[in-house]
Each structure stands twice: as C-alpha cells, then as structure tokens.
1. So how many residues does region B:189-210 have that are touching a Leu at 6+ places or on another chain (Cβ under 8 Å) and within 14 Å of another protein chain (Cβ to nearest Cβ)?
2. Just one of (1) at positive phi; (2) at pLDDT 90 or above trips up A:Glu356, so point out which.
3. Being modelled with pLDDT of 90 or more and closer than 10 Å to A:Tyr114 by Cα is the filter; apply it to region A:164-173 and report the residue that is surrounded by the fewest Cβ atoms within 10 Å (Cβ to Cβ).
4. Take the conditions touching a Ser or Thr at 6+ places or on another chain (Cβ under 6 Å), at negative phi and assigned by TED's automatic domain parsing to the domain that holds A:Leu72 and apply them to A:Glu241. Does it pass?
5. Scan region B:152-164 residue by residue and report those that are in contact with a helix residue (DSSP H, G or I) (Cβ under 7 Å, 6 or more places away or on another chain) and surrounded by fewer than 22 Cβ atoms within 10 Å (Cβ to Cβ).
6. I'm trying to understand the selection: among the residues of region A:120-138, which are touching a residue at least 12 places away in the same chain (Cβ under 8 Å) and not aliphatic (A, V, I, L, M)?
7. If A:Val181 satisfies all but one of (1) within 16 Å of A:Glu56 (Cα to Cα); (2) surrounded by 20 or more Cβ atoms within 10 Å (Cβ to Cβ); (3) modelled with pLDDT under 95, what's the number of the condition it fails?
8. Can you give me the ranges of the helices (runs of 4 or more DSSP H) entirely in region B:133-242 with at least 2 residues that are over 21 Å from B:Trp259 (Cα atoms) and either touching a Pro at 6+ places or on another chain (Cβ under 7 Å) or without any contact (Cβ under 8 Å) to a residue 24 or more places away in the chain (or both)?
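The values are calculated or read from the model by the stated rules, or taken from the named source; none is laboratory data. What you are looking at is a predicted structure, and each value in this text was computed from that prediction instead of being measured. Positions of Cβ are generated from backbone atoms using ideal geometry, with glycine treated the same way; all protein chains shown enter the neighbour counts.
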Amino acid sequence: MNTPSHSTQVDIEQLDGQVNLYQPASSILELRSVSCAYDLSRPAIHDISFSAREGEILCLLGPSGCGKTTILRAIAGLEPVQAGQIFLSGRLVSSSSETLPTEARRVGMVFQEYALFPHLRVADNIAFGLRHLSRAERRCRVQDMLRLTGLEGLDRRYPHELSGGQQQRVALSRALVQHPVLLLLDEPFSNLDPDMAGRMRQELHALLHRMKTTTILVTHDHDEAFAMADRIAVLNQGMLEQLDSPELIYHLPATRFVADFVGQADFITGQVRQGLVHTELGEFPNTLNRPEESEVVVMIRPDDIQLVPNKSAKPRVAARLFRGSENLYTIRLPSGQMVHSSESSTNVYEEGTAVELRVSATHTVVFPAEQPPRSQQRDKSDT
Amino acid sequence: MIAIHRPSVSPLQLAVLAGATLVLLPLGYVTALALSADAAIWHRLWTTRIPELLLNTVSLAGAVALLTFVLGVSTAWMVTRFEFPGRRLWEIGLVLPLAMPTYVLAYVYNYLLGFGGPVEQLWQTIAGSQARIISPQSFWGVTVVMALDTFPFVYLLTRSALLSFNLSFEEVARTCGASPLHRMLFVTLPLLRPSIVAGLALVILYVVSDFGAVSLLRYQTLTYAVFQQMTGRSDNQAASILSILLVILALLFLLTERWFRRKSRFYQTSGRFQTPQRVRCGWLHATALTACLATVIGLAFGIPAYLLVTWSLSAEAQAILDARFFGFVWNSALLSTLAATAGVFVGLPLAYLASRKPTWLNVGCLQTAYAGYVLPGPVAALAVLVLFLKVLPFLYGTVIVLIVAYVLHFLPVGLQSLEPSIQQITPNLEEVARTLGLTVRDTWRRVTLPLIRNGVIVAWVLIFLQTMKELPATLLLRPVGFDTLAIRVWLEASEEYYQLAAPSALLIVLVGLPALVLLLSRDWRAA
C-alpha cells in the first residue's frame with residue numbers, strides 16, 4: 001500500500017540514510033494483500049502487504065481494535081487468512097486455500113499475558129518445545145537461555161513464584177530457545193509497571209540484536225515502538241497507513257491519523273496564495289501543490305514552536321502542563337485555535353502571558369483541509 | 001453460653017445458634033454413642049465386617065471415579081471442541097441422567113442385565129444358549145450403574161472449564177511445535193485438573209453415600225451396612241460405629257480434593273477475549289460423535305426412560321393408579337414442602353449472619369451446617385433417631401423426626417444457593433435504606449428480601465426435589481404405613497415388580513427435571 005515515495009530532499013536522506021527500505025535483501029516474512037475477516041469478535045484486516053528483513057525488528061503500531069494482533073496471529077497460523085498469501089522464509093504458509101499448521105512454522109510467540117504453563121517449572125516451560133532433543137542437550141539449551149535472559153537460579157520455580165518481569169523473561173526464553181525463524185511479540189510490556197517496562201525494553205532490544213532474531217512486535221504505545229523498532233507499520237481500522245522508519249513516521253507522517261497517533265500534533269488551517277500556504281502562524285511552502293485559494297491544514301508538533309514573551313503579541317498562554325522534563329503550553333491564538341508548545345522545564349510563564357510564537361519546523365507536512373478518511377495522500381518537503 | 005458476652009442477643013443470633021445445634025447435637029450424640037461402645041463390639045466389627053466393607057466401598061468409589069472420568073471428560077471434550085448438527089441438544093441431554101435417582105437406574109438395569117433379561121437373551125442368540133453376561137448384582141454391575149448416573153458431575157465441571165479455558169496455552173504450545181495429542185496430554189488436561197478433580201470428588205461422595213443402587217443390587221458398602229445394622233439387627237451402636245467410619249472416609253475424600261485445589265489455585269486458566277473455536281466436522285466425523293453421545297445418553301437415560309414409560313402404560317401399572325397411589329404422591333409432596341420450608345428458615349439466618357457479621361461464631365455455625373454434606377442418608381437418619389429416642393421419645397414415629405433428618409441432610413444444598421445470593425448484595429444497600437429512615441424490619445422486607453428472593457426460591461426448590469427422591473432416611477424414620485413415591489419404587493423394585501414400580505419412578509424423574517433446569521441455568525451463566 002503505502003510504499004514510501006522517495007524524496008530527494010537532503011534531510012530525509014539523513015533520516016533514512018543508513019538503510020535501504022525498498023529492496024529487501026532477504027525477506028524472512030512477506031505478506032501479500034492479506035485479509036482476514038472470519039470472526040466478527042475480532043478486528044478484520046484488509047489488504048495488508050509488507051515484508052520483514054532478516055534480523056530487523058518490525059513494529060505493528062495502532063490503536064486497540066486496529067487489527068494488529070490479528071495480523072500477528074495470522075502470521076503464527078492461529079488465524080486463517082481469507083485472501084492473500086503469507087510467506088515465511090520464502091515458503092508459502094498461509095493462503096485462502098491452505099494453512100500450514102502453527103506447530104510446523106517455527107515461529108516463537110510471546111503472548112500479552114505470557115501464557116506460562118502454571119503446572120510446569122521454569123525450566124520445563126522453557127524446554128517445552130525441545131522434545132526432539134536429548135535430555136542433556138535440552139538442559140544445555142535451557143541453561144544457556146537462562147543465562148542469556150538473566151534467570152539463573154530460577155529454573156526450579158513455578159511461574160506464580162516469579163515477578164512480572166521474570167515471567168516475561170521466561171516467556172521470551174521459551175520462544176527464543178527453539179531458535180525460531182521469526183519471533184512474534186504481542187504487547188509484551190503491557191503487563192509490566194512503567195519502570196520495569198522501560199528496563200525490559202532496553203534489555204530485549206539488546207538481546208534481539210545480539211541474537212539477530214527477526215521480530216514482529218505489536219504495540220499500541222508509540223514510545224515503545226520508537227524505542228524498539230527498526231521500522232514501524234502504523235495500522236488503523238484494519239488498513240496499513242504507513243510503513244517507515246520511526247523517524248520518518250514521526251516527522252513525515254503520511255496521513256493525519258498517523259500524525260495524530262504517534263505524538264502530539266496541532267493542525268492549523270491555511271489557504272494557498274501565491275504558491276505559499278498562509279496560516280495564522282505564518283507562511284509555509286505549498287508542498288501539496290494544491291491550487292490557489294484552496295484550504296489546507298499544516299501539521300505542527302509542540303517541539304516546532306518556541307515561545308517568546310512579548311507584551312504586544314496577540315497569542316496568550318491558556319494552560320501549562322508540567323511534565324518534569326518539559327513544560328507543555330497550550331496557546332490560544334487570536335482566532336481561538338489552540339496550539340501546543342513544549343518548552344524547557346525551567347521556562348515558566350503564567351497563564352494569560354502574551355507570547356510570540358516562533359515556528360521552526362524542519363519540514364512542513366500539509367494535508368488537504370477536508371481530508372477524506374484514510375487518504376492515501378502523501379507529500380512532504382522541507383521548509 | 002457464648003451469647004451472654006454480647007450486650008443483647010438478637011433473635012437472628014438465636015436462630016443461628018439453634019440451627020447449628022440442630023446439626024451438631026445429633027452428630028455429637030452419634031459420635032458419643034460410637035465411642036462409648038464396648039471394646040468387644042469394636043473388635044467384632046473390625047475383625048468381621050469393616051475390612052470387607054471398606055474395601056468394597058473404596059474399590060467401588062475408585063472404579064466409578066475412573067469410569068466417570070473417561071465418560072465425563074470425553075463427552076465434555078466432544079461438545080466443546082467440535083461443531084456438528086445437534087451439538088446443542090447433546091450438550092443439554094448429557095445432564096439428563098442426573099434426573100434419574102440411582103435406585104431407579106439400578107432397578108431398570110436389574111431388569112435389563114438380569115437373569116433372563118433382554119440383554120442376556122440377545123447375547124445368548126449370538127453366543128449360544130449357555131452364554132452369560134455380567135450380573136447387575138455384582139461389583140461391575142453396580143459400577144456401571146453408578147457411573148452412568150453420576151458422570152454428568154464430571155461432564156458439567158469439565159465443560160465449563162473447557163469453555164472458559166484460555167486458549168493462549170494451547171496456542172503457545174503450538175508455537176513450540178507440539179502436536180495435538182501432545183497439547184491435550186501435557187497442556188490442556190493438566191490445566192483442567194482442578195475442575196476434573198472437583199467433579200470426581202462429587203462423584204465419590206455420591207457413591208460413598210449412595211443407598212438406593214447398592215441396596216437394590218445387593219452390594220455391601222458402608223452405607224448399606226449402616227442401614228442393615230439399624231433395620232436387620234436393630235443395633236444402633238454398631239450402626240453408629242460404621243457411620244463414624246463412613247463420615248471419616250467421606251471427609252478424607254473431601255480433604256484430598258481441597259488439598260488438590262489449594263495446590264492448583266494458581267492455575268489461571270481463564271481469561272482472554274476469545275471463545276474456543278469448535279472444529280467443524282465432516283459427516284463421517286459427525287456421525288461418529290453422534291453415535292458415541294447417543295450411546296452414552298441412551299444407556300444412562302434414553303433406554304431407562306423408555307422402559308419406565310412402557311411399563312407405566314402396561315395394564316398392571318394402570319391398575320395401581322388409584323386413590324392409594326395419589327396418597328403416596330400427596331405424602332411425598334407434603335414431606336418435601338415441609339422439609340424445603342424448614343430448610344430455608346433454618347438456612348437463611350445462618351447464611352445471612354455469616355455474611356454480614358463474620359464473627360468466628362457465625363462462620364463456625366455456617367460451617368457446621370455444611371456437615372450434612374458428608375452425611376449419607378442412613379447416617380443422618382441414625383443420628384436423628386438416636387437423639388430423639390433419648391430426649392423426646394414420644395416424637396419417634398412422627399413426621400417431625402423425618403423433617404429434622406431432611407433438614408440436617410439437605411441444609412448444604414439450600415445454603416449453596418442462599419449464600420451466594422446474600423453475598424452478592426452489598427451491605428451498602430441495607431445501610432442506605434437505614435439512612436433513608438427504614439427500620440431494620442422494613443429494610444429486610446423492602447430491600448434484602450426482594451434482592452435475595454431468587455436465591456431463596458432456588459434453595460427451596462432444590463431441597464424440595466432432593467427430599468422428593470430421598471430414600472434411606474425416609475425408609476428408616478417414616479411413620480408406620482406412611483409411604484412416599486421413592487419408598488414405593490424401592491419396595492416394588494426389591495420384589496422385582498418392575499411394572500408396578502414404574503409410575504412412581506417416572507413421576508420422580510419428571511419432577512426431577514426442573515432441578516436440572518436450575519442447575520443448568522446457573523452453570524450456563526457461570527460458563
């Protein structure tokens with residue numbers, strides 16, 4: 001769907017410079033126009049195509065009910081596909097007529113609630129998928145895995161005797177110990193408290209890169225996606241909105257939905273006159289190439305706006321939200337439109353202070369004013 | 001008395017103490033009677049009867065448990081994991097055997113498998129005229145009858161566990177490369193263990209305390225022996241010794257089950273958004289499943305019910321449908337109504353106070369009331385009988401003694417539906433009524449009672465239906481000549497007058513069906 005159009009602008013090259021996104025060297029996983037819509041209780045997905053390269057972490061990001069877990073389950077073979085094909089290591093594993101059973105796919109999966117077998121000890125949980133190996137080999141593999149995930153000494157425990165973070169490591173070990181072709185993670189951090197989630201994220205990221213395991217990670221949290229992913233696929237209502245590196249997703253969102261979902265964004269209406277978009281916050285390049293006099297919106301992120309107190313300025317500080325590392329200001333423009341600005345933690349302005357806004361966006365993202373839902377429009381340029 | 005320490009004793013508190021006394025006193029007396037028995041009696045019993053009775057009882061319980069495990073788990077698996085025409089009907093039909101009291105099933109099988117019965121005739125035409133089949137009046141005969149009657153306990157509990165089973169466990173096993181058989185043996189069944197064990201515990205308690213089937217099939221168990229000591233030998237002391245043994249045995253089984261449940265309390269097997277995906281079956285597969293289920297239900301309910309209907313329509317049976325027969329119906333209904341009403345009145349204060357003022361006294365009283373759970377009918381009858389003979393001998397042979405025994409025996413049944421219905425309403429509702437100016441009495445009438453009404457009705461109906469089919473206590477304690485439907489079935493069946501027993505048996509089965517509806521609606525909601 002949304003194969004990113006190549007832009008020649010310099011900073012996009014920088015954002016995206018180190019990897020070549022468009023010619024996968026060897027794709028471990030490939031989805032071709034996959035649709036699932038069997039069960040009404042589960043979100044449907046429509047015409048999803050993407051591929052994952054060997055060793056990369058690809059993140060499926062979207063709100064709940066967007067179908068990201070359905071895609072994951074389809075890849076694992078737990079969900080039949082209605083149309084399209086799924087390839088694993090170049091082999092067709094799912095199509096509308098045929099489904100290779102999950103147990104023959106060599107995928108590892110970590111469920112949201114871990115699904116550790118409560119009747120088995122940690123070591124037996126991890127060794128569950130290693131029945132084909134000899135006892136000694138099995139023990140060796142399990143011990144290696146325990147060491148790798150920092151679970152030494154816990155192998156005789158039962159799952160309920162472990163903390164949330166340890167349980168997650170066991171689930172991860174159980175999936176990784178079989179050396180899966182592909183690792184599938186379904187919201188792996190959602191059952192952990194934020195501190196623990198942050199730590200586990202770093203550990204997991206390091207571990208996956210060390211093991212060079214190709215990973216598909218499902219999450220609804222854009223911070224998690226930014227921290228973990230090599231590439232992010234943003235999903236909405238069963239459709240793929242954009243597939244790009246985290247930086248491109250954030251700075252050059254393809255749709256208003258993506259812009260809004262991956263971070264705070266304000267949309268300022270403007271009009272095209274003499275080749276420029278005129279808005280309350282100044283002029284921007286008409287990157288959409290809309291005709292004269294047409295209405296458009298410009299996306300502005302809070303970190304693009306800098307506040308300078310100025311008694312004669314019209315915009316007023318309407319609210320301040322202290323977030324520790326920064327202050328997030330809500331500014332009322334003369335027209336009544338609200339925009340947001342993030343300032344350093346020490347820049348404190350009272351409510352009602354008159355401020356001048358300095359917009360310094362590195363690149364302008366413009367959308368048509370009346371954007372049809374799920375527009376495929378995509379245009380961008382630097383200022 | 002403990003109550004003296006309280007500033008004032010509410011009538012409710014008194015009712016609770018009275019209820020607990022009602023249960024404790026007979027039990028205590030029977031225990032005292034057993035312990036005060038002469039050492040010679042103990043010795044005689046230990047050397048003659050007890051080893052054989054214990055072996056018989058335990059081996060029967062074990063064999064029935066094994067058979068119900070196979071029947072219950074496999075049928076539950078079939079209706080929860082496969083989709084085939086008529087699945088919903090089978091799902092409900094598998095509960096029907098519970099409507100059939102053991103003595104009814106036993107008497108039907110006495111005919112079916114008996115000497116010169118239809119099955120033997122059929123077998124002899126195949127295997128020659130000298131061929132024999134297993135006798136119903138044997139270990140295996142009793143085992144089959146009891147298993148067919150009780151497997152729905154295992155079925156129901158396994159089924160609801162399977163319906164709420166967290167499929168992630170099986171899915172994660174699949175991602176680990178486990179085959180279907182491996183998944184079933186090493187993931188699903190181990191995780192279902194708590195539910196299966198709970199079902200088997202019910203079955204074992206049922207078998208250990210059963211009187212109807214073992215008496216008709218002449219198989220010596222502890223329960224049957226208690227009855228025989230009381231009637232044949234009129235030796236209440238020996239009966240009480242056997243009773244104590246029986247209660248200890250039942251408690252042992254119960255404690256084992258508790259221990260299992262504690263061990264597996266961390267089994268969080270439910271949760272997750274999906275319902276199990278049933279495998280759609282081809283016609284071959286569907287036919288095989290239907291044949292299996294039809295055989296099980298046919299043996300446990302279909303064929304017996306058919307026989308009861310044909311016998312009831314026979315000329316001999318029609319001839320006994322006279323005023324005397326309706327007298328039995330009236331007796332049954334009267335006893336059941338009295339027992340149910342008394343049970344609710346005793347149970348309600350117990351459940352209410354234990355929930356609202358959970359002091360050790362109130363909770364203890366409630367726990368005591370559950371003792372009836374491990375009291376087989378003959379034991380309950382014995383306990384009440386010896387107490388009344390000692391304290392109020394002039395009441396012996398009246399309906400009152402019988403009602404007391406019923407309440408003692410069936411109080412747990414009522415409490416099991418009263419307790420949750422009271423726990424469900426938050427005390428805040430009563431408190432807010434008080435802040436709105438209602439007196440304690442008005443609060444009860446206008447807030448509490450309407451809210452627990454359904455629980456009370458269910459408790460009443462369940463005690464009513466249990467009493468309706470109760471056999472041993474009625475046999476032992478009824479006033480002379482005061483026969484109920486259950487008694488008629490047993491008396492006629494003992495004499496092998498199959499046709500004459502049929503109308504009463506059929507009526508008991510029909511009346512028992514509403515109890516299943518209640519059981520199912522609760523279970524279905526829970527699942």
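1. 3
2. That leaves (1) as the condition not met.
3. Checked region A:164-173; the qualifying residue surrounded by the fewest Cβ atoms within 10 Å (Cβ to Cβ) is A:Gln167.
4. Yes, satisfied.
5. Once the filter is applied, which keeps residues that are in contact with a helix residue (DSSP H, G or I) (Cβ under 7 Å, 6 or more places away or on another chain) and surrounded by fewer than 22 Cβ atoms within 10 Å (Cβ to Cβ), region B:152-164 yields B:Ser160, B:Leu162, B:Leu163.
6. Result: A:Arg121, A:Asn125, A:Phe128, A:Gly129.
7. (2)
8. Values: elements: B:139-163, B:168-175, B:180-183, B:189-209, B:212-216, B:222-231.
Output list reads B:139-163, B:168-175, B:180-183, B:222-231.
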